[in-house]
Amino acid sequence: MVPATGTFEPGHPWRGNPTFQIKYDKPAAQKLMQEAGFGPNKKLTVKIQTSASGSGQMLPLPMNEYLQQALAECYFDVQLDVIEWNTLFTNWRRGAKDPSANGSNATNVTYAAMDPFFALVRFLQSGMAPPVSNNWGFINNPKFDELVKKARQTFEPAARDAALAELHAASVDDAAFLYVAHDVAPRAMSPKVKGFVQPKSWFVDFSPVTVVP
């Protein structure tokens, strides 16, 4: 696991140059909340829908409880709506307005980011709102839509990467997500296993793998 400062970290072609630098800075967070009218005696109540297990999530309940405690120090009263994984996953497609969201302000679902659609488009483009895809919160940002269109209509790889990087940076600057961690898929295997290449993905190519006697 590594700390997340975006969907993509520095060095990735879709990273871009976000101006909002995600980091742990409790005094700065408290100051921003105080400027918004909140404090120790007036917390912002939010409900987060999550599950206790499922689909490769890394100890989701302890992690969410830690975030609940950490955000409490920044004047958030986080209520966890812990539901079964498949119910959570179904609501991910139904969206925040569906009764199955139970009035939640956010949903916590792990996701893969191996291509532009999975990583960015399905969450950020307004046309991907339920029931079409996974724009759970019905994000409708004309800048996001413009950059998605630009990326879709650009067929030169470097220029397309640049458009996607701009989209990613815009989403980070807009705080579209609360980034926590990347699962880097740690593995332990026998020294008899040869040819395994660790990708930056959960999707592994087993074709070069051999096992020696």
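Values quoted throughout were computed directly from the atomic coordinates according to the rules given, and no laboratory measurement underlies them. Values in this document were obtained by computation on a predicted structure and should not be read as measured data. Cβ coordinates were reconstructed from backbone atoms using ideal geometry, including for glycine residues, and neighbour counts include every protein chain displayed.
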*Have a look at the DSSP beta bridges in segment 2-185 and tell me what percent are antiparallel, nearest 5.*
25 percent
*Can you find, among Tyr111, Gly195, Asn140, the residue farthest towards the positive end of the dipole of the chain? Put +1 on the C-beta of Lys and Arg, -1 on that of Asp and Glu.*
Gly195
*asked:* For a quick check, take a GNM of the chain with Cα springs below 10 Å and name the residue from Lys23, Lys194, Lys143 with the largest mean-square fluctuation.
replied: Lys194
*From the list (i) 17.2, 57; (ii) 19.2, 66; (iii) 20.1, 75, can you say which value of Rg and Dmax of the Cα atoms in Å was derived from the structure given?*
(ii)
*What is the projected area of the convex hull of the Cα atoms of segment 53-170, averaged over all directions, in nm²?*
8.4 nm²
*Do you know the relative contact order of the chain, to the nearest whole percent, from alpha carbon pairs under 8 angstrom that are 6+ apart?*
24 percent
*For segment 10-58 and segment 84-163, what is the separation of their C-alpha centers, rounded to whole Å?*
18 Å
*State to the nearest 20 debye the size of the charge dipole of the chain about its Cα centre, where the only charges are +1 on K and R beta carbons and -1 on D and E beta carbons.*
220 debye
_Per-residue ³J(HN,Hα) for segment 45-53, Karplus 6.51 cos²θ - 1.76 cosθ + 1.60, θ = phi - 60°, Hz, x for Gly and Pro_ = 8, 9, 10, 10, 9, 8, 10, 8, 5
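With a cap of 15 neighbouring Cβ atoms within 10 Å, and only residues DSSP puts in a loop, list the trypsin sites (Lys or Arg not before Pro) found in segment 31-139.
Counting only loop positions with at most 15 other Cβ atoms within 10 Å, the trypsin sites (Lys or Arg not before Pro) in segment 31-139 are Lys97.
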_Nearby aspartates and glutamates by direct alpha-carbon distance to Lys150 (threshold 18 angstrom, same-chain neighbours under 8 apart not counted)_ = Asp115, Asp161, Glu166
